[in-house]
Amino acid sequence: MEMTLPLLGAAVLAAFLLFFLVKNKCCCCSSPQAERRLRLPPGPWRLPFVGSLHHVLLSRHGDLPHRALRELAGRYGALMLLRFGAVPTLVVSSAEAAREPTLAVFTRGGRDIMFSPYGDLWRQLRRICVLELFSARRVQSLRHVHEDEARRLVRAVADECAMGSGGGAVVPIGDMMSRMVNKSVVRSAIGGRCARRDEFLRELEVIVRLIGGFNLADLYPSSSLARWLSGALRETERCNRSVRAIIDDIIRERAAGKDDGEDDLLGVLLMLQKNGGVQCPLTTDMIATVIMEIFSAGSETASTTLEWQCRS
């Protein structure tokens, strides 16, 4: 039987509490005296070794940790300090606080759109996005992709309804919209004729799930046991290698002239890489990272917005 999040949280907390009690005295956590000397945001009371995890995993909201964080933020403010295991975590829950500079993690040396520091590379990537990737002309050229996927969605919903007895079929509209948006983004990014498109889509969906998932190694980064128990790191590395390999194959096909791909976003980036004329050369690794960012930015937000529109 599948464990619920509170039960899983209790088991994890108990196991790690026992392990760290036997090993040593909270060697990973900073001392309370040192923290009191710093001007830190407020936060809830903590337990040894597990920090603030019990406030989230064992809350009355069950499998909805974001509601537990919202409740804590209402009590302690828009800037709140939690400690997840050995990791101090700053929780920002207001637009005003989020405008402050934040720490960039999980990026290829910051050579991408989201995390590159302000400078020549960032200005160049921004110019490419505004003038080439997301211009009105480019969006119009990809309109047929979005319309085709929308037609497929409507047809799939109609088929689901027809399969229900007595007209009372339950349609998983959220999942269907998510698949529609993901396919639309992938077709816009790498084209519809790519032989490994479905594989590429599956790997990107796994990456998005892993980014927002639970990972023990994030809570206890200095623990080799946590890294060994957590399969998320290995799965993330595998997905990253797979996505890079697929993009490399697509680039080789384009170079061999098997697929011009002139209408998709990858084709635009490869054209800019080939023609040059940019201040900072576009490497293949940078192109792959930009494609992954386009998917992560354009999939979840769009599908969630569409689902909420249907509900209202």
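Output the residue which, of all residues in the range 273-292 that are surrounded by fewer than 17 Cβ atoms within 10 Å (Cβ to Cβ) and at pLDDT 75 or above, is farthest from residue 206 (Cα to Cα).
Step by step, filter the range 273-292, then rank; the result is 275.
Kindly provide the set of residues from the range 159-180 that are free of Cβ contacts under 8 Å to residues at least 12 places away in the same chain, surrounded by 12 or more Cβ atoms within 10 Å (Cβ to Cβ) and assigned to a loop (DSSP other than H, G, I, E, B), ordered by number.
The answer is 169, and nothing else.
Which residue pairs have Cβ atoms closer than 6 Å, lie 6 or more positions apart in sequence or on different chains, and pair a first residue in the range 125-150 that is under 26 Å from residue 285 (Cα atoms) with a second residue that is of a type in the set (A, V, I, L, M) and in a loop (DSSP other than H, G, I, E, B)?
Every condition considered, the pairs that remain are 125/113.
From the list 156, 68, exactly one residue is aliphatic (A, V, I, L, M), in the same structural domain as residue 225 (by the TED database) and either modelled with pLDDT under 85 or part of a helix (DSSP H, G or I) (or both). Which is it?
156
What do you reckon, is residue 257 more than 30 Å from residue 56 (Cα to Cα) and modelled with pLDDT under 70?
Numbers: more than 30 Å from residue 56 (Cα to Cα): yes; modelled with pLDDT under 70: yes.
Here the answer is yes, as residue 257 does meet what is asked.
Given the conditions (1) modelled with pLDDT under 75; (2) closer than 23 Å to residue 245 by Cα, which single one is not true for residue 221?
If we test residue 221 against (1) modelled with pLDDT under 75; (2) closer than 23 Å to residue 245 by Cα, just (2) comes out false.
The values are calculated or read from the model by the stated rules, or taken from the named source; none is laboratory data. What you are looking at is a predicted structure, and each value in this text was computed from that prediction instead of being measured. Heads up, the Cβs are rebuilt from the backbone with ideal geometry, glycines too, and the neighbour counts pull from every protein chain shown.
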